[in-house]
């Protein structure tokens, strides 16, 4: 499941079958997405008789807590985006360069291999991670805060990044390519129909989602 927006106050959250890539449900958003939007969507699907075996989503705060009984797979692509934001596309420090290279192995690695590599990186750079210095405010801070954040982000999210391994092959995806592809279709179609009222935009989006055939995209 994922949300896409047109401006700050209008969007749609889409619930897609991870195996067939068919749209099962959608809800329009009139502002920032909330946990209640996802709870309502999941409840609607369950009321229709669907069994939710896992949730594949980005790390919207609170999703795991809202559905503790449902396994949660965090988009690996979103994790890489977060690491890239923290380390930049061209990090200067050797530790950051190595961590960025390690992170890019994420989508091709098993949990065991990735966790082992992450532990080796931590052992090598433990002193670097603990370095402190005084800032302009006169307070003592960790010197390499962005690299620390990137490392602990990966370490903290390990369980959610590899939930898919608990399921048969290809049943739960690592990331969100199918739904991102659908979001691109929506963006392209609505660019061709600029100037529509919100009501007509909703009608157009509903028609696109209702007729969406993943085999043709």
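The values are calculated or read from the model by the stated rules, or taken from the named source; none is laboratory data. Model, not experiment: these values are computed from the prediction. Glycine also receives a Cβ, built like all others from the backbone with ideal geometry; neighbour counts cover every protein chain displayed.
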- Message: Looking at region 180-197, can you tell me whether even one residue there is without any contact (Cβ under 8 Å) to a residue 24 or more places away in the chain and closer than 28 Å to residue 87 by Cα?
- Response: yes
- Message: When you check residue 175 against the structure, is it closer than 30 Å to residue 28 by Cβ, surrounded by 12 or more Cβ atoms within 10 Å (Cβ to Cβ) and at pLDDT 95 or above, yes or no?
- Response: no
- Taking region 11-41 only, how many residues are out of contact with any strand residue (DSSP E or B) (no Cβ under 9 Å at 6 or more places or on another chain), touching a residue at least 12 places away in the same chain (Cβ under 8 Å) and either within 14 Å of residue 212 (Cα to Cα) or in a helix (DSSP H, G or I) (or both)? 4
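What number of residues in region 92-122 are farther than 17 Å from residue 158 by Cβ and touching a residue at least 12 places away in the same chain (Cβ under 8 Å)?
Total satisfying the criteria: 5.
Would you confirm whether or not region 135-142 contains a residue that is farther than 30 Å from residue 19 by Cα, at pLDDT 95 or above and over 17 Å from the mean Cα position of the chain (by Cα)? Quick ask: steps written out before the conclusion?
Quick first cut of region 135-142, residues farther than 30 Å from residue 19 by Cα only: 135-142.
With the extra rule that they be at pLDDT 95 or above, the set shrinks to none.
Looking for residues that are farther than 30 Å from residue 19 by Cα, at pLDDT 95 or above and over 17 Å from the mean Cα position of the chain (by Cα), one finds none in region 135-142, hence no.
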- Query: Looking at 136, 115, 119, which one is loosely packed, with under 15 Cβ neighbours inside 10 Å and assigned to a helix (DSSP H, G or I)?
  - Reply: 119
- Of these, 166, 200, which one is farther than 26 Å from residue 31 by Cα and modelled with pLDDT of 90 or more? 166
- So residue 204, is it outside any loop (DSSP other than H, G, I, E, B) and either in contact with a strand residue (DSSP E or B) (Cβ under 9 Å, 6 or more places away or on another chain) or outside the structural domain of residue 31 (by TED's automatic domain parsing) (or both): no
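For residues in region 45-61 being out of contact with any strand residue (DSSP E or B) (no Cβ under 9 Å at 6 or more places or on another chain) and free of Cβ contacts under 8 Å to residues at least 40 places away in the same chain, which is surrounded by the most Cβ atoms within 10 Å (Cβ to Cβ)? So that I can check it myself, show each step before the final result.
Here is the first cut: in region 45-61, the residues out of contact with any strand residue (DSSP E or B) (no Cβ under 9 Å at 6 or more places or on another chain) are 46-47, 49, 51-53, 61.
Now narrow it down to the ones that are free of Cβ contacts under 8 Å to residues at least 40 places away in the same chain: 46-47, 49, 51-52, 61.
Working: 46: 11, 47: 8, 49: 6, 51: 6, 52: 13, 61: 8.
Among those that are out of contact with any strand residue (DSSP E or B) (no Cβ under 9 Å at 6 or more places or on another chain) and free of Cβ contacts under 8 Å to residues at least 40 places away in the same chain, it is 52.
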- Report yes if residue 42 is under 24 Å from residue 189 (Cα atoms) and crowded, with 16+ Cβ neighbours inside 10 Å, otherwise no. no
